[in-house]
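Here the structure is laid out as structure tokens; the discussion comes afterwards.
We did not get these values from a lab; they are worked out from the coordinates using the rules stated. Bear in mind that the values here come from a model prediction, so they are computed numbers and not experimental data. Reconstructed Cβ throughout: ideal geometry from the backbone, glycine too, with neighbour counts over all protein chains shown.
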Protein chains: 2
Amino acid sequence: MGLIVQKFEGYFLTNTEGILNITDRITKAYREGNSVVAVVSVQDTLEVALRQSAREVNPEASLREMDVLISAGAQISSALVAMAIEKEGYPVVSLTGYQAGITTDSNYGNAKIKDINTERIFRELDRRNIVIVAGSQGCNRFDDITTFGRGGMDTAAVAFAAALKADLCEIYVDVDGIYTADPKTVNSVKVLKDISYDELLELESLGANNLHSRAVELAKKFNIHLVVKSGFNDSPGTVIKEVGNVEKVLVRGVVRDNNVARVAVIGIEDRPGMAFKLFSLLAKDNISVDLILQSIGRDRTKDISFIVSRENLQKTIEIIDSNLGILEAREVSYSDQYSKVSIVGAGMINNPGVAAAMFEALYDVDINIHMITTSEIKISVLVDIHEADRAVNAIHEKFRL
Amino acid sequence: MGLIVQKFEGYFLTNTEGILNITDRITKAYREGNSVVAVVSVQDTLEVALRQSAREVNPEASLREMDVLISAGAQISSALVAMAIEKEGYPVVSLTGYQAGITTDSNYGNAKIKDINTERIFRELDRRNIVIVAGSQGCNRFDDITTFGRGGMDTAAVAFAAALKADLCEIYVDVDGIYTADPKTVNSVKVLKDISYDELLELESLGANNLHSRAVELAKKFNIHLVVKSGFNDSPGTVIKEVGNVEKVLVRGVVRDNNVARVAVIGIEDRPGMAFKLFSLLAKDNISVDLILQSIGRDRTKDISFIVSRENLQKTIEIIDSNLGILEAREVSYSDQYSKVSIVGAGMINNPGVAAAMFEALYDVDINIHMITTSEIKISVLVDIHEADRAVNAIHEKFRL
């Protein structure tokens, strides 16, 4: 018995059957004596229809009005779920983001939660009402509606769990939990029983789509007991915990990220400050850089390679091209024919053999490594894109995940 | 130049073409130098879909959750209209009922406006923003969403016009204004240039559907300059004014109301207080009664006939049947095979020949009159339902409307 926050994305709500399914999950938690707050999203189909209507009316509509439009979708979901719960005979109330006390900044379409005033929700919970919150929306200081953008549902659920000091935050997904690798790539994947926040953060930032990194960071900060589990069956899912509380598995999982492009700035003058110049230019345009490699200086020049996301590739090249003089570099080259393959595990920090085993796995199947980077709980390598699947499988097998 | 409130029902918004059409009306008023507040309703098609979804999930959903659901529809409309106006390059902002400052009572599904806090709207108008309000919705003292029910859009528009001290309130409809009779019944109908609040109220309560009586009453109370006009062409529509300011036309229009049922309580003991007993019984159950006729007492008993709406007929009969003893009446009979046909005109009060001319028109076409009632600006008769169309046409012709 305690306070549970549950989160359901729009794909759970596309039809009456889906709504009744999540109603079961919500009322089950309530029947077991818990206070329940469920955060629900706009139905996938409705969101598509709304965005289509907006495009027809004005392809360049303001983000403010887009937020008014899309937030109405989640409000519809919240009402329908509440109605379904009423039908089962449970006391329930739906709340908009505003009513649920969420204030955000004014970054329409991608707003960040600034505060949650829990007064209303606690008043409803005290009356033993189930609370259904229209997700991914809040209200800024102008009393205007804002939405959270990508990953906002996860973040909202965790933020509620933190603000309400919930005992548990359940993130319902369409898979069985967090896997040791992408089931589409590897046949023998397993669902992890548990994983630490940091491990999940590394997996997440590497392209695992189960849970958004902002949400995991927030969960870590407030030490929220988080579970990622299926909304379609009764498998236990994956528990996300403090590092100290999870089994120190050597390698937790292996993931692949195709959204990478390698950029190489060649023939940079070999003197102090050049790396600083290069990356501050990119930072000014909000371009995130990963996996930086600097060649050892030779002939008084050096090369700096790094990875950017594919959507940032063109801008990156333009910036460097027009600054070759300032950078005192000869040329810039690039390719998006790579994948980043990574292994993650809190146990590897004390186990120097892990990196070697990973490289061996790749050598065994004759895959060339273009770049390597390591952190305390992660090792990443860059391989040819058409060899990435083989690489993931070889590593997954090597570590018997 | 001034402040204009415009109202558009959901049938104006069913597709992009419709949205662009009303955008033209809104921006035209703005271009002419006016401050513009437009109240828009949920798209007809969306409302049908939402109600269908609700029925599938829970046919007996609470009114509170129905209001959360349906109000989201008007919010969607407001965003789409705002986007269309943005596209035309005009400054615009959409507001929900809550943001627009509307507080209501807690009668979900049929809430009454208690107050409009105009601060936000005036702030937007001062910035020269066009304001689009999601119509037929407000917020009660619990911060919950309420909707206004039937006629609520009209009432909201007029209430805004009153609260904002607007110079003009334009009610856009799918006909050319207020007609002298129902165009479906009479071929030679004309659009009235103007009409008084009271005349319109009589027409409205008699079943003309252009404008809801609550809205007209409110307009009368605050002396709002009201225009009912087409949203599909540029005809001038009908202006609604104070009685003193309209041309004193003898007969303004003729209308038919089929939603009537005649009830006769027969053989009531002929002594004081019996009518009081009868109608207080009905009032207790919120049954409105119209056109009461009492026979002259004979044999120490009398008969009382009256009209109720068809949906109230059964309840009325049940109430009287179970109280025949208290009423000291012999029996109750009823029929719903009647229509009420009425003429309305502020001029008839000083013109005793009007009633006679009406009866003559019916006599000329051999239509029997079952009941008659007159007020200062209205004469109503009850005729057989299958003769009602002929009656309306005969009267319309008689008065050369």
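Some observations on this one:
- Three-way shape call for the stretch A:350-389 based on the alpha-carbon gyration tensor, with the a/c threshold at 1.5: oblate
- Short-range pairs are left out: with C-alpha atoms under 8 Å and at least six residues apart, the relative contact order of the stretch B:3-173 is 30 percent.
- Two-site FRET efficiency, A:Asp321 against A:Glu376, from Cβ-Cβ distance with R₀ of 35 Å, rounded to 0.05: 0.45
- The chain B residue nearest the rotation axis shared with chain A, using its Cβ and rounding the distance to whole Å, is B:Ala72, 2.
- Chain B: most fluctuating residue of B:Val189, B:Val57, B:Val265 per GNM, C-alpha cutoff 10 Å: B:Val57
- Cα gyration tensor category, rounded, prolate or oblate, for the stretch B:261-335 with a/c compared to 1.5: prolate
- Computed helical MRE - 222 nm, the protein assembly as shown, DSSP H runs ≥ 4 contributing -39500 (n - 2.57), nearest 500: -11000 deg cm²/dmol
- Charge tally in the Cβ shell below 13 Å around B:Asn286, where Lys, Arg are +1 and Asp, Glu are -1, B:Asn286 excluded: 0
- Label reach from B:Asp299 (point 7 Å along Cα→C-beta): in the stretch B:257-273, amide nitrogens under 13 Å belong to B:266-270.
- Springs join every pair of Cα atoms under 10 Å in this Gaussian network model of chain B, and among B:Asp167, B:Asp182, B:Asp285 the largest mean-square fluctuation is at B:Asp285.
- Inter-part distance where the stretch A:89-122 and the stretch A:1-50 are each reduced to a Cα centre, Å: 16
- Taking a ≥ b ≥ c as the square roots of the eigenvalues of the Cα gyration tensor, the stretch A:62-178 is classed as rounded, since a/c falls below 1.5.
- Most mobile listed residue (A:Asn117, A:Asn286, A:Asn21) in chain A, GNM with C-alpha springs under 10 Å: A:Asn286
- Charge dipole (chain A, unit charges on Cβ, about Cα centre) - positive-most of A:Val392, A:Ala261, A:Thr238: A:Thr238
- For chain B, the relative contact order comes to 13 percent (Cα pairs under 8 Å, sequence separation of at least 6).
- The protein assembly as shown, dipole about Cα centre (Lys/Arg Cβ +1, Asp/Glu Cβ -1), debye to the nearest 20: 1220
- Our note on the geometry: Cα centres of the stretch A:277-311 and the stretch A:132-156, 35 Å apart.
- DSSP bridge pairs, chain A: antiparallel proportion in percent, nearest 5: 60
- Helices of chain B meeting both criteria, an alpha-carbon length of 18 angstrom or more along the long axis and an average Kyte-Doolittle score not below 0.0, with helices taken as full DSSP H segments, are B:63-87.
- Evaluated with a Cβ-only charge set (Lys, Arg +1; Asp, Glu -1), chain B carries a dipole of roughly 700 debye about its Cα centre, given to the nearest 20.
- Based on Cα contacts under 8 Å between residues 6+ apart, the stretch A:96-203 shows a relative contact order of 22 percent.
- Computed over neighbours whose Cβ is under 15 Å from that of B:Thr103, the net charge equals -3, Lys and Arg +1, Asp and Glu -1.
- Environment charge at B:Pro59 (Cβ cut-off 14 Å; Lys +1, Arg +1, Asp -1, Glu -1): -2
- Furthest towards positive pole of dipole, B:Leu324, B:Tyr30, B:Phe8, structure part chain B, Cβ charges: B:Tyr30
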